[in-house]
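The values are calculated or read from the model by the stated rules, or taken from the named source; none is laboratory data. The structure displayed is predicted, hence computed values, not measured ones. All Cβ positions, even for glycine, are placed from backbone atoms using ideal geometry, and neighbour counts span all protein chains on display. SASA here: full protein model, heavy atoms, side chains in, ligands and nucleic acids out. Shrake-Rupley method; radii C 1.70, N 1.55, O 1.52, S 1.80 Å.
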Amino acid sequence: MTQTILFVEDDETDRLFLKLSLDETGLGLNASYCEDGLQALEYLKSNDAPDLIVTDLSMPGMDGLELTQTLKSDEAYSIIPVLMLSTSNSKIDVRRFYSKSGNAYIRKPESPEGYQRVLSEISRFWFEVAERGV
């Protein structure tokens with residue numbers, strides 16, 4: 001069964017890096033993309049829930065913290081792992097994300113190769129190593 005990921009990222013360049021890197025890794029994951037938290041919530045209402053959600057922190061409309069809090073407080077989505085992929089390395093941002101019941105905070109890579117490595121590790125851990133309740 002193909003694993004699914006929803007990426008929530010407002011930056012067009014970062015979305016392109018994610019798409020290209022995912023193709024390059026050959027992981028065979030099915031990915032969807034939204035530009036902010038509000039768009040992600042709309043997406044979730046009309047599509048099957050993904051196996052994993054990877055969100056940016058700073059986005060217009062609804063940011064990654066608000067999205068995480070909304071998802072984790074909704075019984076329909078609370079079981080989906082939510083990962084933060086952000087340029088911020090502020091301990092305050094990291095703590096705020098975990099206080100919203102986020103599952104992992106990851107610093108954004110600075111190169112396409114870095115994105116490939118991060119996506120491979122995310123896939124390996126969440127789809128091969130971690131036990132999930134689904």
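Among the residues of region 10-41, which ones are in contact with a strand residue (DSSP E or B) (Cβ under 8 Å, 6 or more places away or on another chain), under 14 Å from Ile122 (Cβ atoms) and assigned to a loop (DSSP other than H, G, I, E, B)?
Just the residues of region 10-41 that are in contact with a strand residue (DSSP E or B) (Cβ under 8 Å, 6 or more places away or on another chain), to begin with: 15, 18-19, 22, 29-37, 39-40.
Retained after the next criterion (residues that are under 14 Å from Ile122 (Cβ atoms)): 18, 22, 29, 31.
Correct list: Leu29 only.
Yes or no: region 96-104 includes at least one residue that is in a loop (DSSP other than H, G, I, E, B) and either under 17 Å from Ser32 (Cβ atoms) or modelled with pLDDT under 95 (or both). Write out each step before concluding.
As a first pass, look at region 96-104 and keep what is in a loop (DSSP other than H, G, I, E, B): 100-103.
The next check asks that each one be either under 17 Å from Ser32 (Cβ atoms) or modelled with pLDDT under 95 (or both); those that pass are none.
The answer is no, given that none of the residues of region 96-104 is in a loop (DSSP other than H, G, I, E, B) and either under 17 Å from Ser32 (Cβ atoms) or modelled with pLDDT under 95 (or both).
Go through region 47-76 and count every residue that is over 12 Å from the mean Cα position of the chain (by Cα) and either farther than 13 Å from Asn103 by Cα or not in a helix (DSSP H, G or I) (or both).
Count: 15.
Return the residues of region 59-77 that are open to solvent by 70 Å² or more (accessible area, probe 1.4 Å) and either among the β-branched types (Val, Ile, Thr) or touching a residue at least 40 places away in the same chain (Cβ under 8 Å) (or both); say none if nothing qualifies.
The one that is open to solvent by 70 Å² or more (accessible area, probe 1.4 Å) and either among the β-branched types (Val, Ile, Thr) or touching a residue at least 40 places away in the same chain (Cβ under 8 Å) (or both): Pro60.
Of everything in region 78-89, what is over 21 Å from Thr13 (Cα atoms) and open to solvent by 40 Å² or more (accessible area, probe 1.4 Å)? Give them in sequence order.
Across region 78-89, the qualifying residues are Ser78, Ile79.
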